[in-house]
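This report concerns only the one structure given below.
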Amino acid sequence: MPDFVQQANGDGGNLIYVHDPMCSWCWAFRPQLDKLLQSLPDNIRLVRLLGGLAPDSNEPMPEALRQHLQEIWQNITHAVPGTEFNFDFWKDCIPRRSTYPACRAVIAARNQGIEWDEKMTWAIQQAYYLEARNPSEDQTLTEIARTIGLDDGCFARDLGSRQTQSTLLDEITLSRNLGISGFPSLMLKQGNQWSRIPVDYTNHLSMLESIKSIPGIN
């Protein structure tokens, strides 16, 4: 298990957020996640874990899958009011069913400080969903890293390193071992005990109540 997941937080627990920066439902979840994090008890520490939605591929996405994903985007805008998507992506880019590069980018950013994990995820989401840029491309990811203030030379080296790929696979394995196959997902870890927290895309208070209902959480 990765060290940053193992670490305890006083007498509380770790809230494990399993996600993929190119998961459209994770994008829709972001506003409620932000509200939840602002409301968490002091003895809860957030741990971000990459689940890896789609492995590396250089093949253009089949037309049927392109249409399916665009339908998902449309459905999300109805299910989660306020979620925005730039559909120009589907005509301006050559999409690939490949999210591992974006996941590795988050790890490469995290190597320059844990605070860059969330910042890189947010920047990738903005580039993908609002700016119609393609985070399956390493060039796009390096440009994003430079824009947000990372050392882009160090980032580029880490992005393609074996260690970064190994870390990603470790996180994917952990998420699968926890029984997680869909994103976003939330798990609360207290010692050796794990509790699934149901994700609510429109009301963070339901998730907060689920967390507070667990014995030992203030």
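Bear in mind that the values in this text are calculations on the coordinates, not laboratory data. Just so we're clear, the structure is a prediction, and the values are computed from it rather than from any experiment. A quick note on method: Cβ atoms are made from the backbone with ideal geometry, for glycine too, and the neighbour counts reach across all protein chains shown.
At a glance:
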| quantity | calculated |
| --- | --- |
| Rg and Dmax [Cα atoms of the chain; Å; Rg one decimal, Dmax integer] | 17.2, 51 |
| Modelled FRET efficiency - R0 25 Å, ASP56 with ARG176, Cβ distances, 0.05 increments | 0.90 |
| Partnerless cysteines, meaning none of the other Cys C-beta atoms lie under 4.7 Å away, in the chain | CYS93, CYS103, CYS154 |
| Inter-site label distance for ARG162 and SER213 at 7 Å from Cα along Cβ, in nm | 4.8 |
| MET61 long-range amide H proximity, modeled H, under 5 Å | ARG96, ARG97 |
| Least to most buried among HIS19, HIS78 (fewest other Cβ within 10 Å first) | HIS78, HIS19 |
| Gain on full stretching of the segment that runs from LEU46 to GLU143 - 0.36 nm per residue minus C-alpha separation | 32.2 nm |
| The chain - mean residue ellipticity at 222 nm from DSSP helices (-39,500 (n - 2.57) per run, n ≥ 4, rounded to 500) | -14500 deg cm²/dmol |
| Residue among ALA132, PHE89, SER185 farthest towards the positive dipole end of the chain, charges placed on Cβ | SER185 |
| Ranked packing of 25-32, 113-120, most packed first, by mean Cβ within 10 Å | 25-32, 113-120 |
| Whole-Hz couplings from phi, Karplus 6.51/-1.76/1.60, listed for segment 18-25; x for Gly and Pro | 9, 8, 9, x, 10, 8, 5, 6 |
| Within a Gaussian network of the chain (alpha carbon springs, distance under 10 Å), most fluctuating of ASN14, ASN86, ASN75 | ASN75 |
| Pairs of lysines in segment 3-212 (C-alpha under 21 Å apart; 8 or more residues apart or interchain) | 4 |
| Of the GluC sites (Glu not before Pro) in segment 62-92, those whose Cβ has at most 11 other Cβ within 10 Å and which sit in DSSP loop | GLU84 |
| All-pairs alpha carbon distance profile, segment 114-218, 5 Å steps from 0, percent | 2, 10, 15, 16, 17, 15, 12, 9, 3, 0 |
| Neighbourhood charge, 9 Å Cβ-Cβ cut-off, centred on ASN14 and excluding it, Lys, Arg +1 and Asp, Glu -1 | +2 |
| About the Cα centre, charge dipole magnitude for segment 3-212 (Lys/Arg +1, Asp/Glu -1 at Cβ), debye | 360 |
| Antiparallel content of DSSP bridges confined to the chain, in %, to 5 | 60 |
